[in-house]
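Asks: Sharing a structure, written as structure tokens. Questions coming.
The values are calculated or read from the model by the stated rules, or taken from the named source; none is laboratory data. Remember, it's a predicted structure, so these values are computed and weren't measured experimentally. Neighbour counts are summed over all protein chains in view; Cβ atoms, including those assigned to glycine, are modelled from backbone coordinates with ideal geometry. Note: areas computed on protein heavy atoms with side chains; ligands, DNA, RNA excluded. Shrake-Rupley method; radii C 1.70, N 1.55, O 1.52, S 1.80 Å.
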Amino acid sequence: MPSIYLDHNGTCPPRPEAVAAMVAVLSLPGNPSSVHAQGREARRRVEVARRQVADLLGLPPATLIFTGSGTEANALALASAAGRRVITSAIEHASVLEATPGAIRCPVTADGVVDVGALDGLLTGGPAVLSLMAVNNETGVIQPVAEVAALARRHGALFHCDASQAVGRLSWDWAAIAPDYLTVSAHKIGGPQGVGALAVRDGVPLTPLLRGGGQERRRRAGTENVAGIVGFGAAAAVCDVAAFNRLASLRDGLETRLRTAVPALRVAGAGADRVANTSCLVTPGWRGETQVMALDLAGFAVSSGSACSSGKVAASHVLAAMGMAPDLAGAAIRVSLGWSTTAEEVARFADAWISLHARRAPSPVAQQADLSPQDRQSVVSQTAQQQ
């Protein structure tokens, strides 16, 4: 296993509080839909967790629907917009883009911020649902969600916000922003994988994807994942935005050191507001996939700005939407810090990256020659499903 984990945007290491809460309920019987004592206790624990997540969001607990992932939450929101045009930004997560193949894609600026003027024009064409992420998972760029939510309301459009990378990281007043649908994901805040939630504002349409049971007020059928939900709640209860924002000094120091050592290095989205933990580093002439593999072998877990599919690497759609040339878009890695990251780990990563850059192969062919086929295969698909 990598000794230093710097891929918190992919998934956060579980917080001890979440692990302890889950262990405490794993051996308990009881279906939350049952009326006996064990069932009532399971229901109580689910509702405590619902309140903990809702408190983190500043929203009423009754608005929350627990799902199996952030991807499912996105799909539930988008499936509820039947009969409306769908508009998304060009930099959305694949769970939004692939769920809306016929959607209108709004462009973004060179710094990765949605073009609000263009969006205003797109919203004039009739009833629509607009989907915009709060924070981009690759670059960390913060989107103007409050402005866009108000714009959607003026046009009578429904607004869905994927806040998976924002919750626990930004002190936003979600009640004031008032998105119609809001996606959150447990494992992005140190909870377990396989649990998400969709907050749905009162009065907006909702079309269940899963039917056949009365769970989640008949909005999402299926026996609740009690342990996972409890872990989600425990992680939400210990989120500390102020502590998270202190990561900015580590992130900024890392970028300064790497850019000093390699002046050609670019930081995607550096001209925009970003969350405190994310660096998308673009190094001309050094493929992102190659960097990820070399760093993995050196004991560091980061992810690539490229997406892998069956061993074929394509440039990041996010960086392409920002106007970056394919050779540069394919030369990106994402370093994302989190609650477990230390200053020593960041310093060790910088040492390793600078050393690897100095020793890198001079050509694309040679870049792959220093890795055995087994080593290459062990890492080549690791970014395929990362958020």
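Asks: So T124 fits all but one of (1) open to solvent by 40 Å² or more (accessible area, probe 1.4 Å); (2) touching a residue at least 60 places away in the same chain (Cβ under 8 Å); (3) of a type in the set (S, T, N, Q); what number is the exception?
Replies: Result: T124 passes all but (2).
Asks: Moving on to the next point. Can you find a residue in region 198-212 that is in contact with a Ser or Thr (Cβ under 9 Å, 6 or more places away or on another chain), open to solvent by less than 10 Å² (accessible area, probe 1.4 Å) and closer than 30 Å to D115 by Cα?
Replies: yes
Asks: Of all residues in region 189-222, which are among the small types (G, A, S) and out of contact with any Leu (no Cβ under 7 Å at 6 or more places or on another chain)?
Replies: Step one: filter region 189-222 for residues among the small types (G, A, S), giving 190-191, 194, 196-197, 199, 203, 212-214, 221-222.
Hits for region 189-222 are G190, G191, G194, G196, G203, G212, G213, G214.
Asks: Can I ask one more? Cβ-Cβ under 6 Å, sequence separation 6+ or interchain: first residue in region 257-277 and within 17 Å of G112 (Cα to Cα), partner open to solvent by 40 Å² or more (accessible area, probe 1.4 Å) and outside any helix (DSSP H, G or I). Which pairs?
Replies: G269/D111; G271/D111; A272/D111
Asks: Next up: Can you tell me which residue in region 28-70 is most open to solvent (accessible area, probe 1.4 Å), limited to those that are hydroxyl-bearing (S, T, Y) and part of a loop (DSSP other than H, G, I, E, B)?
Replies: Step one: filter region 28-70 for residues hydroxyl-bearing (S, T, Y), giving 33-34, 63, 67, 69.
In the following step, the residues that additionally are part of a loop (DSSP other than H, G, I, E, B) were identified as 33-34, 69.
Numbers: S33: 68, S34: 39, S69: 37 Å².
So, considering only residues that are hydroxyl-bearing (S, T, Y) and part of a loop (DSSP other than H, G, I, E, B), the one most open to solvent (accessible area, probe 1.4 Å) is S33.
Asks: Can you name every residue in region 127-159 that is without any contact (Cβ under 8 Å) to a residue 40 or more places away in the chain and not aliphatic (A, V, I, L, M)?
Replies: To start, the set of residues in region 127-159 that are without any contact (Cβ under 8 Å) to a residue 40 or more places away in the chain comprises 134, 144-156, 159.
Correct list: P144, E147, R153, R154, H155, G156, F159.
Asks: Still on this model: Which condition breaks for A150 when tested against (1) in contact with a His (Cβ under 7 Å, 6 or more places away or on another chain); (2) under 28 Å from A248 (Cβ atoms)?
Replies: So the condition that A150 fails would be (1).
Asks: Kindly indicate whether V135 is open to solvent by less than 10 Å² (accessible area, probe 1.4 Å) and either modelled with pLDDT of 95 or more or touching a Gly at 6+ places or on another chain (Cβ under 7 Å) (or both). Give the derivation first.
Replies: On the way: open to solvent by less than 10 Å² (accessible area, probe 1.4 Å): yes; either modelled with pLDDT of 95 or more or touching a Gly at 6+ places or on another chain (Cβ under 7 Å) (or both): yes.
Yes; evaluated as a whole, the condition is true for this residue.
Asks: Has region 223-237 got any residue that is out of contact with any Lys or Arg (no Cβ under 9 Å at 6 or more places or on another chain), in a helix (DSSP H, G or I) and surrounded by fewer than 15 Cβ atoms within 10 Å (Cβ to Cβ)?
Replies: So far as region 223-237 goes, no, none of its residues is out of contact with any Lys or Arg (no Cβ under 9 Å at 6 or more places or on another chain), in a helix (DSSP H, G or I) and surrounded by fewer than 15 Cβ atoms within 10 Å (Cβ to Cβ).
Asks: Could you run through region 1-27 and say how many residues are under 30 Å from G299 (Cβ atoms), assigned to a helix (DSSP H, G or I), out of contact with any Phe, Trp or Tyr (no Cβ under 9 Å at 6 or more places or on another chain) and touching a residue at least 12 places away in the same chain (Cβ under 8 Å)? Steps first, please.
Replies: If we filter region 1-27 for residues that are under 30 Å from G299 (Cβ atoms), which is where we start, we get 1-20, 22-23.
Cutting the leftovers down to assigned to a helix (DSSP H, G or I) gives us 16-20, 22-23.
Of the ones still in play, those that are also out of contact with any Phe, Trp or Tyr (no Cβ under 9 Å at 6 or more places or on another chain) are 16-17, 19-20, 22-23.
Still in the running and touching a residue at least 12 places away in the same chain (Cβ under 8 Å): 17, 19-20, 22.
Matching residues across region 1-27 total 4.
Asks: Still on this structure: Give me the helices (runs of 4 or more DSSP H) completely within region 330-387, filtered to those with at least 1 residues that are over 22 Å from the mean Cα position of the chain (by Cα), buried (at least 19 other Cβ atoms within 10 Å of the Cβ) and at pLDDT 95 or above, ordered by residue number.
Replies: 343-358
Asks: Still on this structure, I have one more. Would you confirm whether any residue within region 18-33 is farther than 26 Å from G214 by Cβ and under 22 Å from the mean Cα position of the chain (by Cα)?
Replies: yes
Asks: Shifting gears a bit: Being in contact with an Asp or Glu (Cβ under 6 Å, 6 or more places away or on another chain), assigned to a loop (DSSP other than H, G, I, E, B) and open to solvent by 10 Å² or more (accessible area, probe 1.4 Å): is that true of G271 here? Before you say what the answer is, go through the steps one by one.
Replies: Values: in contact with an Asp or Glu (Cβ under 6 Å, 6 or more places away or on another chain): yes; assigned to a loop (DSSP other than H, G, I, E, B): yes; open to solvent by 10 Å² or more (accessible area, probe 1.4 Å): yes.
Yes.
Asks: Quick one: which of P107, P127 is modelled with pLDDT under 95 and of a type outside the set (V, I, T)?
Replies: Numbers: P107 fails: modelled with pLDDT under 95.
After ruling out the rest, the residue left standing is P127.
Asks: Specify the residue that is surrounded by the most Cβ atoms within 10 Å (Cβ to Cβ); the eligible residues are those in region 80-110 that are over 20 Å from the mean Cα position of the chain (by Cα) and aliphatic (A, V, I, L, M).
Replies: Ranking the qualifying residues of region 80-110, first place goes to A81.
Asks: Looking only at region 238-253, count how many residues are hydrophobic (A, V, I, L, M, F, W, C) and either touching an Asp or Glu at 6+ places or on another chain (Cβ under 7 Å) or assigned to a loop (DSSP other than H, G, I, E, B) (or both).
Replies: Applying the first criterion (hydrophobic (A, V, I, L, M, F, W, C)) to region 238-253 yields 238-239, 241-244, 247-248, 250.
After this cut, where a residue has to be either touching an Asp or Glu at 6+ places or on another chain (Cβ under 7 Å) or assigned to a loop (DSSP other than H, G, I, E, B) (or both) as well, the list is 238-239.
Number of matching residues: 2.
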